[in-house]
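Worksheet for the structure shown next.
The values are calculated or read from the model by the stated rules, or taken from the named source; none is laboratory data. What you see is a predicted model, and the numbers here were worked out from it, not measured in a lab. Don't worry about glycine lacking a Cβ; one is built from the backbone with ideal geometry, like all the others, and counts go over all protein chains shown. To get the accessible areas, we keep the full protein, side chains included, count just its heavy atoms, and leave off ligands, DNA and RNA. Shrake-Rupley method; radii C 1.70, N 1.55, O 1.52, S 1.80 Å.
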Amino acid sequence: MATIKLDNIHKSFGKTKVIHGVSIDVKEGEFIVIVGPSGCGKSTLLRMVAGLETVSEGEIRIDDRRVNEAEPMDRDIAMVFQNYALYPHMSVFDNMAYGLKIARLPRAEIEDRVATAAKMLQLEPYLARKPRELSGGQRQRVAMGRAIVRKPAAFLFDEPLSNLDAKLRVQMRLEIKALQKELGITSLYVTHDQIEAMTLADRMIVMNAGRADQIGAPLEVYANPQTAFVAGFIGSPATNFLPGADLGVQAQSLAVRPEHMELAAPGKGRIDATLTFAEALGAETLLHFRLASGDVVTTRQDGTAPVPAPGSTAGLNWSEDHQILFDGNGMRLPAG
């Protein structure tokens, strides 16, 4: 296990700045998820930790050793990529053993490490197969096995589940979380999927245009977003934003999560809205409303509750304890 320290990390490509002063201290065995939309800089940040991109400014330390100038092979890390990066002409065994052979480990130790990882990942029946004979989930397990056998100080995952279907992604993220806890290896994991981030992370870095908008435990970030971007990006369905002026508050916008909104009779709520569409999802129903301002808001209710008719008007209510105010720059304002 290793500690990883990012101290005021900046990255520029020519005159274009893409990472703006990201800092975090990662504890031994911690699972950090770097999450954000496409183009926010999350993969670039990970690649700097891996040594695949240079650092323009700031310092990266692994186990208190500065690694800014160190080659990737000298950083004691293992990386798992989105595209698996397996050798198509090699068997599963040889793919997993390749790095160990390059390191000239004894044959007996190589076989022992591969056998242990294969058992852990349920790959024992497939060791003689080529990657083309495996499913997407099995290929990703092989890529993970290749990382595990190296016994690195840290794992770096770059959107490893993006190529899998929705059901398999759920299964694989549960397996990755259980495996990381079992091995206790410090991990940095990049994803654009905020649900993946919420379920995997001990802490997460929410990236926005090259900046770390917020760093914290998933439920803390969900409950107490510090910027409008974080409030809108984390959570599904997304947070509702309402115009502050229409609600008599000194703020550019007011945010309320769908589960904190309740229906009332027209004129009896804090604001009236027109139902445009209802999504019956079984256990819950999402109701989508349009305000007079044109803004769209969503409420979440039990799937057995009655649903208003499309086009009907309803009042929307919520507790002030569940509203968050943001200024014109998207920064959170004090309550009240």
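Take residues that are open to solvent by less than 10 Å² (accessible area, probe 1.4 Å) and modelled with pLDDT of 90 or more and tell me which of the strands (runs of 3 or more DSSP E) falling wholly in region 216-284 contain 1 or more.
240-243, 253-256, 271-280
Taking the options A245, A217, A223, name whichever one is without any contact (Cβ under 8 Å) to a residue 60 or more places away in the chain, more than 17 Å from Q323 (Cβ to Cβ) and among the hydrophobic types (A, V, I, L, M, F, W, C).
Details: A245 fails: more than 17 Å from Q323 (Cβ to Cβ); A223 fails: more than 17 Å from Q323 (Cβ to Cβ).
From the options A245, A217, A223, the qualifying one is A217.
Every residue in region 292-313 that is open to solvent by less than 50 Å² (accessible area, probe 1.4 Å) and under 16 Å from N240 (Cα atoms), please. Give the steps one after another, and end with the answer.
Filtering region 292-313 down to residues open to solvent by less than 50 Å² (accessible area, probe 1.4 Å) leaves 294, 297-299, 301, 303, 305, 308, 312.
G294, V297, T298, T299, Q301, listed by residue number.
State which residue pairs qualify: first residue at negative phi and inside region 40-60, second residue surrounded by fewer than 18 Cβ atoms within 10 Å (Cβ to Cβ) and among the acidic types (D, E) in any location, beta carbons under 8 Å apart, and separation of 6 or more residues or different chains.
The qualifying pairs are T44/E53; R47/E53; E59/D7; I60/D7.
Any idea which of A278, A245, A273, A238 is more than 30 Å from N8 (Cα to Cα) and touching a helix residue (DSSP H, G or I) at 6+ places or on another chain (Cβ under 9 Å)? I'd like the intermediate steps shown before the answer.
Working: A278 fails: touching a helix residue (DSSP H, G or I) at 6+ places or on another chain (Cβ under 9 Å); A245 fails: touching a helix residue (DSSP H, G or I) at 6+ places or on another chain (Cβ under 9 Å); A273 fails: touching a helix residue (DSSP H, G or I) at 6+ places or on another chain (Cβ under 9 Å).
Of A278, A245, A273, A238, the one residue that is more than 30 Å from N8 (Cα to Cα) and touching a helix residue (DSSP H, G or I) at 6+ places or on another chain (Cβ under 9 Å) is A238.
Right, R169: open to solvent by 20 Å² or more (accessible area, probe 1.4 Å), over 26 Å from M1 (Cβ atoms) and either at pLDDT below 90 or small (G, A, S) (or both) or not? I'd like the intermediate steps shown before the answer.
Numbers: open to solvent by 20 Å² or more (accessible area, probe 1.4 Å): yes; over 26 Å from M1 (Cβ atoms): yes; either at pLDDT below 90 or small (G, A, S) (or both): yes.
Yes; evaluated as a whole, the condition is true for this residue.
Assess whether D321 counts as being exposed (fewer than 12 other Cβ atoms within 10 Å of the Cβ) and either part of a strand (DSSP E or B) or of a type in the set (D, E, K, R) (or both). Quick ask: steps written out before the conclusion?
Numbers: exposed (fewer than 12 other Cβ atoms within 10 Å of the Cβ): yes; either part of a strand (DSSP E or B) or of a type in the set (D, E, K, R) (or both): yes.
So D321 fits the description; yes.
Could you tell me which residue of region 299-319 is nearest to I271 (Cα to Cα), considering only residues that are in contact (Cβ under 8 Å) with a residue 40 or more places away in the chain and out of contact with any Lys or Arg (no Cβ under 8 Å at 6 or more places or on another chain)? It would help to see each step written out before you state the result.
Taking region 299-319 as the starting set, the residues that turn out to be in contact (Cβ under 8 Å) with a residue 40 or more places away in the chain are 299-300, 308, 313-319.
If we keep only those that are out of contact with any Lys or Arg (no Cβ under 8 Å at 6 or more places or on another chain) too, we end up with 299-300, 308, 313-314, 319.
Details: T299: 13, R300: 17, P308: 16, T313: 10, A314: 9, S319: 13 Å.
The residue in question is A314.
Could you check, for region 188-195, whether at least one of its residues is touching a residue at least 24 places away in the same chain (Cβ under 8 Å), in a loop (DSSP other than H, G, I, E, B) and surrounded by 17 or more Cβ atoms within 10 Å (Cβ to Cβ)?
Step one: list which residues in region 188-195 are touching a residue at least 24 places away in the same chain (Cβ under 8 Å), which gives 188-195.
From the residues that got through so far, the ones that are in a loop (DSSP other than H, G, I, E, B) too are 192-193.
Next, only the ones that are surrounded by 17 or more Cβ atoms within 10 Å (Cβ to Cβ) stay: 192-193.
Yes; the residues of region 188-195 include at least one that is touching a residue at least 24 places away in the same chain (Cβ under 8 Å), in a loop (DSSP other than H, G, I, E, B) and surrounded by 17 or more Cβ atoms within 10 Å (Cβ to Cβ).
Tell me whether region 125-140 contains one or more residues that are modelled with pLDDT under 90 and either under 21 Å from E30 (Cα atoms) or open to solvent by less than 20 Å² (accessible area, probe 1.4 Å) (or both).
The answer is yes; a qualifying residue exists.
Which condition number does R146 fail, the rest of (1) assigned to a helix (DSSP H, G or I); (2) free of Cβ contacts under 8 Å to residues at least 60 places away in the same chain; (3) not β-branched (V, I, T) being met?
(2)
Can you pull out the residues in region 152-166 that are at pLDDT 90 or above and either assigned to a helix (DSSP H, G or I) or touching a helix residue (DSSP H, G or I) at 6+ places or on another chain (Cβ under 9 Å) (or both)? Break it down stepwise before answering.
To start, the set of residues in region 152-166 that are at pLDDT 90 or above comprises 152-159.
Selection gives A154, F155, L156, F157, D158, E159.
Provide a single number: the residues in region 146-193 that are of a type in the set (F, W, Y) and under 22 Å from Y98 (Cα atoms). Don't jump to the end; show me each part of the working.
So the first thing to find is which residues in region 146-193 are of a type in the set (F, W, Y), and the list is 155, 157, 189.
From the residues that got through so far, the ones that are under 22 Å from Y98 (Cα atoms) too are 155, 157.
Qualifying residue count, region 146-193: 2.
What number of residues within region 167-200 satisfy the criterion of being in contact with a helix residue (DSSP H, G or I) (Cβ under 6 Å, 6 or more places away or on another chain) and among the charged types (D, E, K, R)?
Looking only at that region, the number is 3.
Just give me the residues in region 198-215 being more than 8 Å from the chain's Cα centre (by Cα) and open to solvent by 10 Å² or more (accessible area, probe 1.4 Å), in sequence order.
Of everything in region 198-215, those that are more than 8 Å from the chain's Cα centre (by Cα) and open to solvent by 10 Å² or more (accessible area, probe 1.4 Å) turn out to be T199, D202, R203, N208, A209, R211, A212, D213, Q214, I215.
I need every pair where a residue in region 66-88 that is over 22 Å from D7 (Cα atoms) has its Cβ under 6 Å from the Cβ of a residue that is of a type in the set (G, A, S), sequence separation at least 6 or different chains.
Between residues of region 66-88 that are over 22 Å from D7 (Cα atoms) and residues that are of a type in the set (G, A, S), the close pairs are V80/A143; V80/A147; Q82/S162; Y84/A143.
May I ask you to list the residues in region 172-182 that are more than 16 Å from S135 (Cβ to Cβ), open to solvent by less than 80 Å² (accessible area, probe 1.4 Å) and not hydrophobic (A, V, I, L, M, F, W, C)?
Start the filter on region 172-182 by keeping residues that are more than 16 Å from S135 (Cβ to Cβ), which leaves 173-174, 176-182.
From what is left, the residues that are open to solvent by less than 80 Å² (accessible area, probe 1.4 Å) are 173, 176-180.
Listed by number, the residues that qualify are R173, K177, Q180.
Condition first: modelled with pLDDT under 90 and either open to solvent by 50 Å² or more (accessible area, probe 1.4 Å) or not charged (D, E, K, R) (or both). Can you find one or more residues in region 109-120 that meet it?
Quick first cut of region 109-120, residues modelled with pLDDT under 90 only: 120.
Those left that are additionally either open to solvent by 50 Å² or more (accessible area, probe 1.4 Å) or not charged (D, E, K, R) (or both): 120.
Looking through region 109-120, at least one residue is modelled with pLDDT under 90 and either open to solvent by 50 Å² or more (accessible area, probe 1.4 Å) or not charged (D, E, K, R) (or both).
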